[in-house]
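This report refers to the structure that appears directly beneath it.
Here, each number is a calculation from the coordinates, and none is a lab measurement. Computed from a prediction, not measured in an experiment: that's the story for all the values here. As a convention, Cβ positions derive from the backbone with ideal geometry for all residues, glycine included, and neighbour counts pool all protein chains shown.
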Amino acid sequence: MVFVVKFIGDKVVKEIFAGDIYVNDNSDIIISTLLGSCIAVCLIDDRNSVCGMNHFMLPTKNYKKSNAKDGKYGVDAIDLLVREMINQGSSVTNIKAKVFGGGEVTSIVSDNVARANIEFTKKSLQSYSIPIVAKDVGERYGRQIYLLSNGDVYVRRFRPQSS
């Protein structure tokens, strides 16, 4: 994983990219990512002060490349994020989700990809009995999101530039 580290005031911003997962129990760290048709799932456990984010591109693997988990695919990214939350002291029964992305931002990527990502995410989180308490998905927006350690998420929407 490669993280870009920036600063906002006295807070460290860890920027994640497609395939990355980051879990945080430090109040001085903000997790951020930039989304188009990809999805970011933010998991929050208020009781244990743990939160985390993933960023995946596609719901599932189209072929069996290997048995290794790959965070670029939702089928692995959500499982890896839940497991890392548990490793950091969270309990699945305390976790809530906030979901972002799935924007139809380019004609190159089919809007079916964005819709498939959104639907997969809903079903996957349901399988863990993790409720989605907030979401900003779909439409023709890209998004920059910032997950604060208290579970708040700030979203900056933008429309892709026409060529």
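Structure above, values below:
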quantity	calculated
9 Å beta-carbon shell around residue 143, net charge (K/R +1, D/E -1)	+1
Positive dipole terminus of the chain, leading residue within 142, 41, 153 (C-beta point charges)	142
Residue of 86, 95, 30 that the Gaussian network model of the chain assigns the largest fluctuation, springs spanning Cα pairs under 10 Å	86
Shape category assigned to the chain from the gyration tensor of Cα positions, a/c cut at 1.5	oblate
Nitroxide proxy distance, nm - points 7 Å out along Cα→Cβ at residue 115 and residue 86	3.4
Stretchable slack from residue 70 to residue 25, in nm (0.36 nm times residue separation minus alpha-carbon distance)	13.9 nm
Gaussian network model of the chain, springs between alpha carbon atoms under 10 Å - residue of 75, 133, 105 with greatest fluctuation	133
Computed magnitude of the charge dipole of the chain (debye, nearest 20; Cβ of K, R +1, Cβ of D, E -1)	400
Charge tally in the Cβ shell below 12 Å around residue 153, where Lys, Arg are +1 and Asp, Glu are -1, residue 153 excluded	+3
Signed unit charges on C-beta, dipole axis of the chain, positive-most listed residue 129, 118, 21	118
Estimated FRET transfer efficiency (residue 93, residue 158; beta-carbon r; R0 41 Å; 0.05)	0.70
For 73, 128, order by how many other beta-carbon atoms lie within 10 Å, fewest first	128, 73
Gaussian network model of the chain, springs between alpha carbon atoms under 10 Å - residue of 135, 123, 72 with greatest fluctuation	123
